[in-house]
Amino acid sequence: MEEFEQAVKGIHKDQARFRDIVRGKIKENLRKYISRGELIGKRGDQIVTIPVPQIDLPRFRLGGKPASGVGQGDGDVGDPLGAGEGEAGGQKAGDQPGEHVLEVEMTIEELTSILGETLGLPRIRPKGKDVIEARKIRYTGIYRVGPQSLRHFRRTFKQALKRSIAGGIYDPDNPLIIPVREDFRFRSWKEVPLPRSNAVAIYMMDVSGSMGDEQKELVRMTSFWIDAWLRRHYRGIVVRYITHDAEAREVDEETFYHSREAGGTMISSAYKLCAEMIAKDYPESEWNVYPFHFSDGDNWSNEDSAEAIEIVRSRILPRVNQFAYGQVESHYGSGQFLKDMRAAFGESDDSMVVTTEIKGRDGVLDAIRAFLKGGR
């Protein structure tokens with residue numbers, strides 16, 4: 001039994017070492033994985049397949065007896081070449097290694113954890129009151145009495161085996177172990193309160209004519225991983241969506257990522273709706289509020305930009321943990337609004353207004369770091 005347990009421990013140790021190696025490979029290529037559109041839509045403990053470079057663990061190889069032939073001393077004319085020597089199938093010999101890929105299954109939650117480790121993201125510091133969401137069962141120990149549904153089979157078998165060996169009735173040739181009542185072991189448990197902090201994420205996006213499919217895909221990838229990180233810190237987080245051109249409206253998730261309008265852009269309309277939503281539904285003393293706005297920076301007028309900035313300063317910032325503005329590159333957008341936001345709120349790390357540019361897929365990871373590095 002002891003040898004079996006040692007073997008199991010060795011297997012678990014090897015598995016843990018392998019998982020560490022896999023995590024290291026994923027960290028090396030994280031920028032590529034984060035920008036994979038096919039992961040979008042997964043949640044929490046849902047399994048996804050991640051292709052990582054083939055992992056070759058060092059090992060010893062037992063060599064055969066020395067033999068004559070090519071590469072083994074002096075060969076004779078006409079000696080056959082061994083397998084793999086020379087050209088095969090008419091293909092020319094290359095000088096580049098083949099690409100070996102290993103597919104690893106992970107959950108979105110595990111990938112999000114790796115994202116946090118790689119970017120050095122701090123844990124979010126919630127504000128407001130904790131509320132009791134439910135009561136969780138936690139197993140705390142092993143007892144001799146309990147219901148059959150909580151019987152600990154491994155502990156019971158181990159106790160029966162020890163009793164059989166100590167009593168001299170154990171037969172190695174016929175290792176039949178029958179537990180009796182005194183061998184039974186049961187898990188003990190208790191209910192513990194499961195706290196959560198109320199949180200809401202409000203995503204706003206410009207859907208005017210200058211925001212094409214490429215820009216919306218960048219917004220979708222960025223907001224997906226932000227949402228995954230927030231869900232690690234808040235249970236039951238509320239997510240709401242606002243789209244705007246010259247007018248703002250609340251929409252569902254599907255409409256948010258796929259609608260497109262041909263009108264102009266008035267950013268203040270989205271900020272007005274966001275401020276009304278927060279004031280009506282999310283008291284700052286109880287809720288952690290995270291507004292995120294994405295645009296190409298092309299606004300209708302300087303007057304509307306000034307109005308939008310004033311709404312953020314007076315009506316939104318006093319009620320939220322942080323306000324984030326992400327500007328995606330567009331061939332049609334002027335990009336002026338980012339300059340206006342930075343002129344109004346600055347770019348210091350302690351500012352409650354965080355701004356960043358999302359320059360293509362490679363910029364998604366940098367935008368996530370910018371939005372979440374404050375830990376608010």
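Derivation of every value follows stated rules applied to the coordinates shown; laboratory data play no part. Keep in mind the model is a prediction, meaning the values are calculated, not measured. Neighbour counts run over all protein chains shown; Cβ positions are idealised from the backbone, glycine included.
Annotations for the structure displayed:
- Global geometry of segment 198-372, whether rounded, prolate or oblate, following the gyration tensor of its Cα atoms and the 1.5 cut on a/c: rounded
- Fewest-first sequence of TYR170, TYR332, TYR290, TYR282 by Cβ atoms within 10 Å of each Cβ: TYR332, TYR170, TYR282, TYR290
- The HN-Hα couplings worked out from phi for segment 208-219 by the Karplus form 6.51 cos²θ - 1.76 cosθ + 1.60 (θ = phi - 60°) are 5, x, 7, 9, x, 5, 5, 5, 5, 5, 5, 5 Hz, whole numbers, x standing for Gly and Pro.
- Extension gain, ASP362-ILE178: 0.36 nm per intervening residue step, less the Cα-Cα distance, totals 60.1 nm.
- Evaluating 6.51 cos²θ - 1.76 cosθ + 1.60 at θ = phi - 60° for every residue in segment 347-354, the Karplus couplings come out as 10, 6, 5, 8, 6, 7, 9, 10 Hz, glycine and proline recorded as x.
- The charge dipole of segment 208-362, taken about the Cα centre with unit charges on the Cβ atoms of Lys, Arg (+1) and Asp, Glu (-1), comes to about 440 debye, rounded to the nearest 20.
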